[in-house]
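Enquirer: Questions regarding the structure given below will be posed in turn.
Every number in this text was worked out from the coordinates using simple rules, so none of it is lab data. From a predicted model like this one, the values you see are computed outputs, not experimental measurements. Every residue, glycine among them, receives a Cβ derived from its backbone with ideal geometry; neighbour counts consider all protein chains shown.
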Amino acid sequence: MKINLRMSRKLLLQIRQDLARPHPFAFERVGFLACKVAETKPRGVIVFPYHYLQVEDEDYLNDVSVGAMMGPAAIRKALQFAYKSDVAMFHAHVHDHYGSPWFSDIDLRETNNFVPDFWHVRPTFPHGALVLSRDSLSGLCWMPRRKKPLRISGFNIIGFPMMFIRE
Amino acid sequence: MTDWLLRQSFLGAKSDEVFSKCRVAVIGLGGGGSHIAQQLAHLGVGNFVLVDPDHVEETNLNRLVGATKKDAARATPKTTVSRRLIRRINPTAQVVRIPKEWQEEGRLVAGCDVVFGCVDTYIAREEIERVCRRFMIPFIDIGMDVTELPDGYLISGQMILSMPDDLCMRCLGFLTEELLAQEAARYGAAGGRPQVIWPNGILASAAVGTFVQLIAPWRRDLKPSVYLEYDGNTQAVMPSNRLQHLVGKQCKHFPFADLGDPFWR
């Protein structure tokens, strides 16, 4: 199965602007993307992020061992949005470099912990996580009934100019 | 850069890779669509979904690029003609043929990066645009018309780029409820679907130019053409005057959150 993601350039810019804001004590910011989903042929899924949920300053935990640690309120708000709006939810954060980014060991451990929680509220949707660099992005997607996440194989950033990222 | 694409290296050092990985649908492979398919093959586009339920007839030979007398005699599907044309230019191109109505394989179209619409009716355009919006696909539409006037004929046409999250064909004033309702009476006033090769070629070239502006722009400040109007009597292609009244406007016809499968389960 191939997972692709299509997102508007405007939304990507909004995400980058929010994640670039300094936080009073966390070293970096994180956010969530509410997403619609569609099936394509042959055996593919497209994820469409359409709304960005920023994590409020007070919803970070003061943990110097990581760049940013979300508190329970941050996750709860994202879960609530997924439930109320009937959508998939993708976590997002940035690695500050150029080129294709990838998740650190800590990122993988944490996303493995909290992403499957979204199935408690929206069990039929895929959920996942994105990591952005200065000029690219990568992602993982947890499909329902699959324990291991799938790498997102393609990104279409829709705007002028279009940007295609293919794994 | 691939050797046979060297002369277009100004489109970007990796433009050959961008084109080769791009998946494009061409809906309608008549006079306009066959031109577009041919040009995209020359550009190095690597993945095609070709859609047309029709086969070649004798009366298509005045404009259908790649079609021969034999194709007319054998009633070759138009998708087969365009696939043959593409493969002769680029043998590595992947071509999926859909020799039926595009709606029957809508999921294949939804997986494409860009859709070209070369259809005859406003209703068909509206349906394609609707799907492209839902699946966040840029939609490039072309069409030409021949209208009978008291002193002769007027050849006209248009190329429209409908970008998700931007102005749609209704915003641009190209599609209206009245037009959709009156289509049968108003379209092709010069007789049964009049078509000739050169306006199709001009409009197809404008569409492919817009496609390249969109995915491999040759200047940083380049913005793709959104609405070009063609006056076949003066041989002029100009940006539509309607655009100047739409600066800063947002589309109200397609709410941005209406994406994906409405009832995902």
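Enquirer: Among B:Ser225, B:Ser34, B:Ser82, which one shows the highest mean-square fluctuation when chain B is modelled as a Gaussian network with alpha-carbon springs under 10 Å?
Expert: Taking springs between Cα atoms under 10 Å, the residue moving most is B:Ser225.
Enquirer: A further question on this structure: Per DSSP H run of at least 4 residues, take -39500 (n - 2.57); add these up for the protein assembly as shown, divide by its residues and hand me the 222 nm value, nearest 500 deg cm²/dmol.
Expert: It comes out at -8500 deg cm²/dmol, rounded to the nearest 500.
Enquirer: In addition: Taking neighbour Cβ counts within 10 Å as the exposure measure, how do A:Met69, A:Met1 sort from fewest upward?
Expert: A:Met1, A:Met69
Enquirer: Just list whichever of A:Lys2/A:Lys147; A:Lys10/B:Lys223; B:Lys14/B:Lys78; A:Lys147/B:Lys21; A:Lys84/B:Lys249; A:Lys2/B:Lys14 have alpha carbons separated by over 21 Å in the model shown.
Expert: Going by Cα-Cα distance, B:Lys14/B:Lys78; A:Lys147/B:Lys21; A:Lys84/B:Lys249; A:Lys2/B:Lys14 fall outside the 21 Å limit.
Enquirer: So, one more: So what's the gap between the Cα centers of the range A:1-75 and the range B:104-120, to the nearest angstrom?
Expert: 30
Enquirer: Going by how many other Cβ atoms sit within 10 Å of their own, how do A:Ile75, B:Ile140, A:Ile152 line up, fewest first?
Expert: A:Ile75, A:Ile152, B:Ile140
Enquirer: Restricting to bridges with both residues inside the range B:10-245, how much of the DSSP beta-bridge set is antiparallel, in percent to the nearest 5?
Expert: Looking only at bridges with both residues in the range B:10-245, the antiparallel portion is about 55 percent.
Enquirer: Shifting gears a bit: Which net charge results when you count Lys and Arg as +1 and Asp and Glu as -1 among the other residues whose beta-carbon is under 13 Å from that of A:Ala34?
Expert: Result for the neighbourhood of A:Ala34: +3.
Enquirer: Using the eigenvalues of the Cα gyration tensor, what equivalent ellipsoid semi-axes result for the protein assembly as shown when each is taken as the square root of five times the eigenvalue, whole Å, largest first?
Expert: In descending order the semi-axes read 43, 22, 20 Å.
Enquirer: To continue, here is another question. Amide H neighbours of A:Val37 under 5 Å, counting only residues 5+ apart in sequence or on other chains, H built in-plane at 1.01 Å?
Expert: Those lying under 5 Å, H to H, from A:Val37 are A:Phe48, B:Asp261.
Enquirer: Same structure, new question: Quick check: the distance between the Cα centres of the range B:1-62 and the range A:96-112, to the nearest angstrom?
Expert: Centre-to-centre (Cα) distance: 38 Å.
Enquirer: Sort B:Phe48, B:Phe174, B:Phe256, A:Phe48 so that the residue with the fewest other Cβ atoms within 10 Å of its own Cβ comes first and the one with the most comes last.
Expert: Ascending Cβ contact count within 10 Å gives the list B:Phe256, B:Phe174, B:Phe48, A:Phe48.
Enquirer: Quickly rank A:121-127, B:27-33 as a protection proxy: mean count of other C-beta atoms within 10 Å, highest first.
Expert: Per-residue mean Cβ counts within 10 Å order the peptides as B:27-33, A:121-127.
Enquirer: Out of all DSSP beta bridges in chain A, what portion is antiparallel? Express it as a percent rounded to 5.
Expert: Around 70 percent of the beta bridges assigned by DSSP in chain A are antiparallel ones.
Enquirer: Whole number please: convex hull volume per residue of the Cα set in the range A:1-138, in Å³?
Expert: 110
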